[in-house]
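**Student:** Please read through the structure below; I'll follow up with questions.
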Amino acid sequence: MSLELDITLFRPDRPGIRKVLGDLEADIMELIWERPAGGETTVRDIFEILYQRRRLAYTTVMSTMARLAKKKLLQVEKREPTYLYTPAVTKQEFISYLISHILEDLFVSFSGPTLASVDTLSNQEAAAHARTLLDEITCRRAEEEG
């Protein structure tokens, strides 16, 4: 995937996409991803849904959606008299992008210790170890989402 999203924050203590997005940013992206594929939306559309959940200003939603466009998560097109927003990536593309970049960063940052422990394992042991780690990640993710 040749995406280049502008995501620089990582909070491991937060659930799901909130690890890299603020609460309002995450809420907005979830709402936009729930819309039919290729569907355009306006700030007003999103504001009306969010306002029912929590009282916030129209300008707050507007500036947050503009920030998501700067981060390259939304595409924006000006059509008088409004701006139309569409997702720049699907939710699955976003999650895949995050996982690959987080793992890449971890391997780069800790390649010495990581490779040292793998070098002492046989191929079968390494595969079993990787499966165990994947199972742990899957369980943690299910707990976070559930």
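**Student:** Around Val20, which amide H atoms from residues at least 5 apart in sequence, or from another chain, sit under 5 Å from its own amide H, with H modelled in the peptide plane?
**Tutor:** Correct list: Arg11.
**Student:** Using alpha carbons only, how many degrees (0 to 90, rounded to 10) separate the axis of helix 43-53 from the longest principal axis of the chain?
**Tutor:** The angle comes out near 70 degrees.
**Student:** Something else about it: Measure nothing but the geometry: give the 0 to 90° angle between the long axis through the Cα atoms of 91-109 and the longest principal axis through the Cα atoms of the chain, rounded to 10°.
**Tutor:** 40
**Student:** Counting only residues 5 or more places away or on other chains, whose amide H sits under 5 Å from the amide H of Gln75 once H atoms are built in the peptide plane?
**Tutor:** Those qualifying (amide H under 5 Å, at least 5 residues apart or on another chain) are Thr86, Ala88.
**Student:** Let me ask something else about it. For the chain, what is the mean residue ellipticity at 222 nm derived from helices alone (per DSSP H run of n ≥ 4: -39500 (n - 2.57); sum divided by total residues; nearest 500 deg cm²/dmol)?
**Tutor:** Computed ellipticity for the chain at 222 nm equals -19500 deg cm²/dmol.
**Student:** Could you size up the charge dipole of the chain around its Cα centre, putting +1 on the beta carbon of Lys and Arg and -1 on that of Asp and Glu, and report it in debye to the nearest 20?
**Tutor:** 600
**Student:** Pick from Gln124, Gln92, Gln52: which residue has the top mean-square fluctuation in a GNM of the chain where Cα pairs under 10 Å get a spring?
**Tutor:** Checking each option, the largest mean-square fluctuation is seen for Gln124.
**Student:** Quick one: if the Förster radius is 30 Å, what FRET efficiency do Ile137 and Ile49 give, using the C-beta to C-beta distance and rounding to 0.05?
**Tutor:** Computed FRET efficiency for Ile137 and Ile49 comes out at 0.40.
**Student:** Helix 58-70 against the longest principal axis of the chain: what's the angle in degrees, Cα atoms only, rounded to the nearest 10?
**Tutor:** 50
**Student:** Please return the longest stretch of the chain lacking exposed loop sites, where chymotrypsin sites (Phe, Trp or Tyr not before Pro) count only if DSSP places them in a loop and at most 16 other Cβ atoms lie within 10 Å.
**Tutor:** Maximal segment without exposed cleavage sites: 11-109.
**Student:** Scan the stretch 32-71 for trypsin sites (Lys or Arg not before Pro) in coil per DSSP, keeping those whose Cβ has at most 14 other Cβ atoms within 10 Å, and list them by number.
**Tutor:** Counting only loop positions with at most 14 other Cβ atoms within 10 Å, the trypsin sites (Lys or Arg not before Pro) in the stretch 32-71 are Arg54, Arg55.
**Student:** I'd like the Kirkwood hydrodynamic radius of the chain, using the inverse of the mean 1/r over distinct C-alpha pairs, in Å.
**Tutor:** About 17.6 Å, per the Kirkwood formula over Cα pairs.
**Student:** A further question on this structure: Once you have a ≥ b ≥ c as the square roots of the Cα gyration tensor eigenvalues for the stretch 16-87, tell me rounded if a/c is under 1.5, and otherwise prolate or oblate according to whether a/b is larger than b/c.
**Tutor:** The shape class here is rounded.
Here, each number is a calculation from the coordinates, and none is a lab measurement. Remember, predicted model here, so these are calculated numbers, not experimental data. No Cβ is skipped: glycine too gets one built from the backbone with ideal geometry, and neighbour counts run over all protein chains shown.
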